[in-house]
Amino acid sequence: MPKHEKGTPKDIAIRMKAKGLQKLKFYCQMCQKQCRDENGFKCHLTSDSHLRQMCIFRDNASSMMDEFSTEFEVEYLDTLKRRHGTSKMNANNVYQEVIANKHHIHMNATKWTSLGDFVQYLGRSSKCVVEETERGWYV
């Protein structure tokens, strides 16, 4: 089977697929589907399977959002505890380790709008000691 010429759209698509994790911009948490580009994502949003999932979400949105948030929190704290123990770590570095797992819960599926909000929540709920410095949040 001949290889596609370097730089052609087909060649780029094949290399992106082989790379694994792609831009989170085109990921649907409800369907757990990764799309390669904006057009693929737009097509996914109009698909029957996605519309069914959104109907399910609409019926019990708060419980599903809480479930995603809890899963994300457990995954984040587990990564922090296992890899860094009790040492002070930049919250963004821990987050980068969490999202390195291809099947992680995405932040946009949780009740927190940003990593800063999430870290502040951890501090308020006394699950971590949180400190804000000029270099960012530390947990």
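The values are calculated or read from the model by the stated rules, or taken from the named source; none is laboratory data. Note that this is a predicted model, so its numbers are computed, not measured. Backbone-built Cβ (ideal geometry, glycine too); neighbour counts: all protein chains shown. Side chains included, ligands, DNA and RNA excluded: accessible areas come from the protein's heavy atoms. Shrake-Rupley method; radii C 1.70, N 1.55, O 1.52, S 1.80 Å.
List of remarks:
- Selection of first residues in segment 67-78 that are of a type in the set (A, V, I, L, M) and part of a helix (DSSP H, G or I) and of second residues that are at pLDDT 95 or above and open to solvent by 20 Å² or more (accessible area, probe 1.4 Å), restricted to Cβ pairs under 7 Å at least 6 apart or on distinct chains, gives an empty result.
- Residue within segment 124-137 that is part of a helix (DSSP H, G or I) and either within 21 Å of Lys25 (Cα to Cα) or open to solvent by 30 Å² or more (accessible area, probe 1.4 Å) (or both) present: yes
- Out of Asp37, Asp11, one residue alone is open to solvent by less than 40 Å² (accessible area, probe 1.4 Å) and modelled with pLDDT under 85. It is Asp11.
- Checklist (1) over 13 Å from the mean Cα position of the chain (by Cα); (2) over 11 Å from Val139 (Cβ atoms) applied to Lys81, failing item: (2)
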